[in-house]
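Enquirer: Please read through the structure below; I'll follow up with questions.
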Amino acid sequence: MTAARRGKRWIEEWDPEDEAFWAGGGERIARRNLWFSVLSEHIGFSVWSLWSVMVLFMGPEYGVDPAGKFFLVAMPTLVGGVLRVPYTFAVARFGGRNWTVLSAAMLLVPTVLAAFVMAPGTSYSTFLVVAALTGVGGGNFASSMTNINSFYPLRKKGWALGLNAGGGNIGVPVIQLLGLLVIGTAGAAHPRIVLGIYLPLIVIAAVCAALFMDNLAPVTNDTGAAKEAARDPHTWIMSLLYIGTFGSFIGYSFAFGLVLQNQFAQTPLQAASLTFIGPLLGSLIRPVGGKLADRFGGARITLGNFAAMGAATAVVITASVQKSLPVFLVGFIALFVLTGLGNGSTYKMIPAIFQAKAVSRGLPGEAAAAYGRRLSGAAMGLIGAVGAVGGLGINLAFRQAFMTGGSGTPAFVSFLAFYALCAAVTWAVYLRRPAPEAQPRTDEAPRPAYAEV
């Protein structure tokens, strides 16, 4: 296998944990791959959220009701979430650089098709198929994070992965800002301008990946770790929590404009002028959640974050009932900020949880760290996929609420209940004091088993 991989863009030996190797050129190579990975993932997120913008251009002449539009923006979240699993394994199978080139080029398909179908008279089923195809942009996150994770040493992963994720997430507000610019200048009858701008950007991302990125030959798929991670209950517990954070972020990002149009009678231009604010703030603050988790423990930050999300949701429900747009915006944008913080804190919990499990089983320091890296790397792909599918639940809840009651209030009530569940699970599993018989026999006061994760 190694011989078959030899070539100009294949790196046969890679040891970022060796400080001499890192200082002697490894860091420069890793940084170059990081920047162009961010570019490709950024464009991928923009394409993934394309239909959150396209629906703002779809006036009455398109013949699609609010429930239909919510279902349209739900399709990419479903497909993108499912694709995150195979995309996670594609990096080791094809090479990080090779897969980045291919996955970036694949973004041309839904973008070109959208340019053809965005016109009154197109059937709803056609819109659904094309919207579903934009899910390939959601898969890019998983392969990009897996690839960059392999380039960086453990001491640098938090910064590198945070920058990679944040740079990708900002693709959501960027395309929404572009939609605002087009609607504000050319009008709501010209959605193809947005698509025409992104077509060359996709080509640039693919070409840059081909010219400047590298494949790592030592990276291989560990199917045993994947199976072990899938059997571990912590993988599914963290998947639930990630639904509450990232699922909320992507679901709200896709639905925000539609909620403003249908609940507060905002015009496409008015809605577009507001939709980018929440995703932008949520993307920028994600690294802060990770830093807070480093200092105070991920479980503590996540628990407090879910409590705050519940409070913000209560504000949104009150504003929704009273039809107060200013209060609604304050609560909803606060939700975006909190989803960003939670994205950072939950993602930081994953490796710490598996390392804590290894320590509890008696593994020594480096062996415990190696176990944590192995299992957490496998679990992240699955957790990321489930979390993304959570965005589907957000949009389907809005669809049902507006279809039956003409208001998003019932959906927000269900979200409040879910955040309460996430808070309870976080406390019960990671912060509640262990049973007396599980306590170590020392003079120290009892500590929650996972309080530091």
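The values are calculated or read from the model by the stated rules, or taken from the named source; none is laboratory data. Just so you know, these numbers come straight off a predicted model, no measurement behind them. Heads up, the Cβs are rebuilt from the backbone with ideal geometry, glycines too, and the neighbour counts pull from every protein chain shown. Protein only, heavy atoms only, side chains kept; ligands, DNA and RNA dropped before computing areas. Shrake-Rupley method; radii C 1.70, N 1.55, O 1.52, S 1.80 Å.
Enquirer: Going down the list K227/K291; K8/K348; K227/K348; K69/K348; K157/K357, which pairs span over 23 Å between their C-alpha atoms?
Expert: The answer is K227/K291; K8/K348; K69/K348.
Enquirer: Among (i) 143; (ii) 182; (iii) 153, find the value of volume of the Cα convex hull per residue in Å³ that was calculated from the structure presented, and write down its label.
Expert: It is the one labelled (i).
Enquirer: May I ask for the Kirkwood hydrodynamic radius of segment 29-188, worked out over all distinct Cα pairs and given in angstroms to one decimal?
Expert: Final number for the Kirkwood radius of segment 29-188 is 16.3 Å.
Enquirer: Okay, moving on. First compute the accessible area of segment 5-158 with a 1.4 Å probe, then give the percent of it belonging to carbon and sulfur atoms.
Expert: Answer for segment 5-158 is 64 percent, counting heavy atoms of protein chains only.
Enquirer: In whole Hz, what ³J(HN,Hα) sequence does segment 276-288 give by Karplus (6.51, -1.76, 1.60; θ = phi - 60°), x for Gly and Pro?
Expert: Using θ = phi - 60°, the values come out as 6, 4, x, x, 5, 5, x, 6, 5, 8, 3, x, 5 Hz.
Enquirer: Let me ask something else. Rounded if a/c is under 1.5, else prolate if a/b beats b/c, else oblate: with a ≥ b ≥ c from the C-alpha gyration tensor eigenvalues square-rooted, which is segment 165-245?
Expert: It comes out oblate by the Cα gyration axes.
Enquirer: Could you tell me the center-to-center distance, by alpha carbons, between segment 176-249 and segment 372-422 in angstrom?
Expert: 18
Enquirer: Then there's this: Using the heavy atoms of the protein chains and a 1.4 angstrom probe, tell me the accessible area per residue for segment 246-395 in square angstrom.
Expert: Per residue, segment 246-395 has 33 Å² of solvent-accessible surface.
Enquirer: Please find the FRET efficiency linking A20 to L199, where r is the Cβ-Cβ separation and R0 is fixed at 35 Å, and quote it to the nearest 0.05.
Expert: The value I calculate is 0.20.
Enquirer: Mind ranking 185-191, 425-431 by how tightly packed they are, going by the mean number of other C-beta atoms within 10 angstrom, highest first?
Expert: Order by mean packing, descending: 425-431, 185-191.
Enquirer: Grab the Cα-Cα distance for E13 and L108, subtract it from 0.36 nm times how many residues apart they are, and report the gain in nm with one decimal.
Expert: 30.9 nm
Enquirer: Here's another thing I want to ask about it. Please give the FRET efficiency for Y124 paired with R155, using the beta carbon to beta carbon distance and R0 = 56 Å, rounded to the nearest 0.05.
Expert: 0.65
Enquirer: Give the Rg/Rh ratio for segment 231-282, taking Rg as the radius of gyration of the Cα atoms and Rh as the Kirkwood radius, to two decimals.
Expert: 1.21
Enquirer: If you don't mind, another one. Can you give me the % of accessible surface on segment 268-358 that is carbon or sulfur? Probe 1.4 Å, all protein chains present, nothing else counted.
Expert: In segment 268-358, the share of accessible area belonging to carbon and sulfur is 72 percent.
Enquirer: Now for a different question. Any idea what diffusion coefficient segment 22-81 gets from Stokes-Einstein, in µm²/s, Kirkwood Rh on alpha carbon pairs, 4 °C, 1.567 mPa s?
Expert: Answer from the Stokes-Einstein relation: 91 µm²/s.
Enquirer: Could you compute the FRET efficiency for R192 and A265, with r as their C-beta to C-beta distance and R0 at 25 Å, rounded to 0.05?
Expert: The value I calculate is 0.40.
Enquirer: In whole Hz, what ³J(HN,Hα) sequence does segment 198-208 give by Karplus (6.51, -1.76, 1.60; θ = phi - 60°), x for Gly and Pro?
Expert: 7, 4, x, 5, 5, 4, 4, 4, 5, 5, 4
Enquirer: Search the structure for amide H atoms under 5 Å from the amide H of W10, placed 1.01 Å from N in the peptide plane, and list their residues when 5 or more places away or on another chain.
Expert: N215
Enquirer: Also: For the chain, what's the relative contact order in percent, using C-alpha pairs closer than 8 Å and at least 6 residues apart?
Expert: Once divided by the residue count of the chain, the mean separation gives 23 percent.
Enquirer: Using only the Cα atoms of segment 348-395, what semi-axes does the equivalent ellipsoid have when each is the square root of 5 times a gyration tensor eigenvalue? Give whole Å, largest first.
Expert: Its equivalent ellipsoid spans semi-axes of 28, 9, 6 Å.
Enquirer: Through the Karplus equation 6.51 cos²θ - 1.76 cosθ + 1.60, θ set to phi - 60°, convert the phi angles of segment 52-69 into ³J(HN,Hα) values in whole Hz; use x for Gly and Pro.
Expert: Running phi through 6.51 cos²θ - 1.76 cosθ + 1.60 with θ = phi - 60° gives 5, 8, 4, 5, 5, 8, 8, x, x, 5, 7, x, 10, 7, x, 4, x, 5 Hz.
Enquirer: Same structure, new question: Per residue, what volume in Å³ does the Cα convex hull of segment 268-352 take up?
Expert: That works out to 82 Å³ per residue.
Enquirer: P(r) for segment 200-312, please, calculated from all Cα pair distances in 5 Å bins and given in %.
Expert: 2, 8, 11, 13, 13, 15, 16, 12, 7, 3, 1, 0
Enquirer: Could you work out the helix-only [θ] at 222 nm for the chain, with each DSSP H run of four or more residues adding -39,500 (n - 2.57) and the total divided by the number of residues, to the nearest 500 deg cm²/dmol?
Expert: It comes out at -25000 deg cm²/dmol, rounded to the nearest 500.
Enquirer: With loop defined by DSSP as not H, G, I, E or B, and exposure as at most 10 other Cβ atoms within 10 Å, which is the longest segment of the chain clear of exposed trypsin sites (Lys or Arg not before Pro)?
Expert: For trypsin sites (Lys or Arg not before Pro) (loop position, at most 10 other Cβ atoms within 10 Å), the longest site-free span of the chain is 9-360.
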